[in-house]
Amino acid sequence: ADMLETDLTSARNSNKQSVEIAQDYANRIMLLQGELDAANAKVTRLTVELQNVEEAKDREHHDHMKTEKKLSTSIAAQSDAKNRQLQLEEDVMRAKNESKSMEQQLVEMKDVADAR
């Protein structure tokens, strides 16, 4: 009977130890699950942050391209305006020369008329 009692006590202790080990593993699993959940939340947050940065970068690139196009258009318009100014200056010089030529012809006609 003592032997049976000893075996029963030994079995209870072994069972109690198994329960404690199982409980320890269950606690560790819960801690690891909490850490995993926190890591997943961080991944989600960083993914959203990355998307926001990429969208901002895309907007910045788009704005830069629009600005570059406006600048290019402005430079072309400036060049056209300068060319037009040069053309008008040539036209003015030509008109002045024509005017002087006409004045000269008028003077010559007056001289011819006065001589008669």
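Computed quantities for the displayed model
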| item | result |
| --- | --- |
| Percent carbon-and-sulfur accessible area, the stretch 1-62, ignoring ligands, DNA and RNA, probe 1.4 Å | 58 |
| Rounded to 10°, Cα long-axis angle of helix 2-115 versus longest principal axis of the chain | 0 |
| Within the chain, helix-based [θ] at 222 nm, where runs of 4 or more DSSP H residues each add -39,500 (n - 2.57), nearest 500 | -38000 deg cm²/dmol |
| Proximal lysines relative to LYS70, as straight alpha-carbon distance under 28 Å, when same-chain residues fewer than 8 apart are discounted | LYS57, LYS82 |
| Rh by Kirkwood over Cα pairs, then Stokes-Einstein D for the stretch 1-104 at 1.567 mPa s and 4 °C, µm²/s | 56 |
| Average accessible area per residue (Å²) across the chain - probe 1.4 Å, nucleic acids and ligands excluded | 94 |
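The values are calculated or read from the model by the stated rules, or taken from the named source; none is laboratory data. Everything numeric in this text was worked out from a predicted model, so none of it was measured. Note: accessible area is taken over every heavy atom of the protein model, side chains too, but ligands, DNA and RNA are not part of it. Shrake-Rupley method; radii C 1.70, N 1.55, O 1.52, S 1.80 Å.
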